[in-house]
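Q: Please see the structure below; I have some questions.
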């Protein structure tokens, strides 16, 4: 039997996942507060959160873990890296060290939630205490419910309830020093091969992952783009957004810290209150997505609105390939897809445009687009990804109706009026005047000649006619509506 003195001296395990920071980290704070040695560990589990991590996500994870490891080492507790089954690796650490408590910040995605629950139950049965905290959301799923006690399915009332009920935790900066257990085996992160090399299509990523970089990005946003966020966020040639999505996903910033910084900027007159409110609504949408996925786990691969599972999607592999490569013949779509491939990120307005084009112009299943984004986005987040694709497809909760079909030419002319965004990412069109850059097929032959653009050679002709594609999409929508009533 373990004596009280032995239990008091036993180390505790701090299991990092998507909370790769020291500040505002409840699991870290509670682990250190025990006064016992803390063993920080990250486990690279092939099962991940239920699906294999995308290549771009792994690139970010590699850099973020290196930053976290350096910060922990400065405080005396190097990060232990282990690879394999999560429960098996935790049990291995318990066997090696005599640890009797595991601290973690909870993951709320369906697979991860179930896995963590099973691990906690199994360890508890063996006398190991497991303590979980909310370190990723403003409020954990199940805490913001309708008057009837169910989950919200409409965003605005959810947002209002969330902002009225949720309270920010006290801000903590993280410990200056952490006692730990020395001599533990740790994998070499280089051996994990998280940065793909054949092909090294991530070589041009211009990001700095890690907590320090996240704080800098937050300061840059509140000191600049926040002032005109509601307008700037729609214009892809400008730096009008926050660029915080990957930092939030990997837990390098707590969402409450972001909200408090934004509110402080408004209170100090550095940004209009309306702009702060607009951005906070976007954080609330992230929260809405997480709460929805937790309540309705089937939406990862099924439509939230069941009738859309009968939608007559096309098996258009050529169209899908053209879309992924940025060769659709629609410049704003191609610019977005090339930006995604080159940087692991895409402007939010353009994400909606390219998604609408895939789902509605090409009639390709939203799940194929969601899977492509999952693989190529550094900020790939299961709840956000699924919810946003279903929003565009009209099949999600509080979604944009399917019959709202973006005209890619009109969207380009409205939000990239000068064509600067297209010129950056589709350089073969850079000499076209603004009047024609979003519709090169309509340009006079002499304009194309002067710009050295040969349609079908230097740049493709449109792979679909948008007007005809729109009619086809509406006919498909009508077909599933009729079948619903026939049932």
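Q: If you go through segment 17-26 one residue at a time, do you hit one that is at pLDDT below 95, within 22 Å of the chain's Cα centre (by Cα) and either closer than 15 Å to residue 209 by Cβ or not assigned by TED's automatic domain parsing to the domain that holds residue 376 (or both)?
A: No.
Q: Oh, and also: Restricted to segment 433-448, and to residues that are in contact with a helix residue (DSSP H, G or I) (Cβ under 9 Å, 6 or more places away or on another chain) and surrounded by fewer than 16 Cβ atoms within 10 Å (Cβ to Cβ), which residue is farthest from residue 414 (Cα to Cα)?
A: 444
Q: Further, regarding this structure: Of all residues in segment 431-487, which are part of a helix (DSSP H, G or I) and closer than 15 Å to residue 330 by Cα? First the steps, then the outcome.
A: The first filter runs over segment 431-487 and keeps only residues part of a helix (DSSP H, G or I), leaving 434-437, 440-442, 445-450, 466-486.
Within segment 431-487, 434, 435, 436, 437, 440, 441, 442, 466, 467, 468, 469, 470 meet the criteria.
Q: Hey, another quick one. Looking only at segment 147-155, decide whether some residue is assigned to a helix (DSSP H, G or I) and assigned by TED's automatic domain parsing to the domain that holds residue 253.
A: So in segment 147-155, the residues assigned to a helix (DSSP H, G or I) come out as 155.
Those still in the list that are assigned by TED's automatic domain parsing to the domain that holds residue 253 too: 155.
Yes.
Q: Follow-up question, since we're still on this one. Out of all the residues in segment 54-69, is one or more in contact with a helix residue (DSSP H, G or I) (Cβ under 7 Å, 6 or more places away or on another chain) and outside any helix (DSSP H, G or I)?
A: Yes, segment 54-69 contains at least one residue that is in contact with a helix residue (DSSP H, G or I) (Cβ under 7 Å, 6 or more places away or on another chain) and outside any helix (DSSP H, G or I).
Q: Could you tell me whether residue 119 is surrounded by 15 or more Cβ atoms within 10 Å (Cβ to Cβ), in a helix (DSSP H, G or I) and at negative phi?
A: On the way: surrounded by 15 or more Cβ atoms within 10 Å (Cβ to Cβ): yes; in a helix (DSSP H, G or I): yes; at negative phi: yes.
Against the criterion (surrounded by 15 or more Cβ atoms within 10 Å (Cβ to Cβ), in a helix (DSSP H, G or I) and at negative phi), residue 119 qualifies.
Q: I need the full set of residues from segment 399-430 which are surrounded by 18 or more Cβ atoms within 10 Å (Cβ to Cβ) and part of a loop (DSSP other than H, G, I, E, B), in order please.
A: 399, 402, 405, 406, 416, 419, 426
Q: In segment 444-487, which residues are touching a strand residue (DSSP E or B) at 6+ places or on another chain (Cβ under 9 Å) and without any contact (Cβ under 8 Å) to a residue 40 or more places away in the chain? Let's see the steps before the verdict.
A: Within segment 444-487, the first condition is being touching a strand residue (DSSP E or B) at 6+ places or on another chain (Cβ under 9 Å), and the residues that meet it are 448, 453, 461.
Those that are touching a strand residue (DSSP E or B) at 6+ places or on another chain (Cβ under 9 Å) and without any contact (Cβ under 8 Å) to a residue 40 or more places away in the chain: 448, 453.
Q: Of 310, 281, which residue is surrounded by fewer than 18 Cβ atoms within 10 Å (Cβ to Cβ) and assigned by TED's automatic domain parsing to the domain that holds residue 260?
A: Working: 310 fails: assigned by TED's automatic domain parsing to the domain that holds residue 260.
Of the residues listed, the single one that is surrounded by fewer than 18 Cβ atoms within 10 Å (Cβ to Cβ) and assigned by TED's automatic domain parsing to the domain that holds residue 260 is 281.
Q: Using beta carbons and a limit of 7 Å, which pairs, at least six apart or on different chains, have the first residue in segment 107-118 and more than 15 Å from residue 140 (Cα to Cα) and the second one modelled with pLDDT under 95 and surrounded by fewer than 20 Cβ atoms within 10 Å (Cβ to Cβ)?
A: Listed pairs, sorted by first residue: 111/49; 111/50.
Q: What residue, among those in segment 169-212 that are part of a helix (DSSP H, G or I) and surrounded by fewer than 17 Cβ atoms within 10 Å (Cβ to Cβ), is modelled with the highest pLDDT? Talk me through it step by step, then tell me what you get.
A: First pass over segment 169-212, keeping only residues part of a helix (DSSP H, G or I): 189-192, 211-212.
Pick out the ones that are also surrounded by fewer than 17 Cβ atoms within 10 Å (Cβ to Cβ) and you get 190-192, 212.
Numbers: 190: 95, 191: 95, 192: 95, 212: 98.
For segment 169-212, the residue satisfying everything is 212.
Q: Among 319, 336, 326, 269, which is the only one that is within 15 Å of residue 411 (Cβ to Cβ) and either out of contact with any strand residue (DSSP E or B) (no Cβ under 9 Å at 6 or more places or on another chain) or buried (at least 18 other Cβ atoms within 10 Å of the Cβ) (or both)?
A: Checking each option against the conditions leaves just 336.
Q: Which of the residues spanning segment 306-333 are over 23 Å from the mean Cα position of the chain (by Cα) and in a loop (DSSP other than H, G, I, E, B)?
A: Across segment 306-333, the qualifying residues are 311, 312, 313, 314, 315, 316, 327, 328, 329, 330.
Q: Is it fair to say residue 135 is under 23 Å from residue 37 (Cα atoms) and within 21 Å of the chain's Cα centre (by Cα)?
A: It is true that residue 135 is under 23 Å from residue 37 (Cα atoms) and within 21 Å of the chain's Cα centre (by Cα).
The values are calculated or read from the model by the stated rules, or taken from the named source; none is laboratory data. Just so it is clear, the structure is predicted and the values come from calculations on it, not from any experiment. Reconstructed Cβ throughout: ideal geometry from the backbone, glycine too, with neighbour counts over all protein chains shown.
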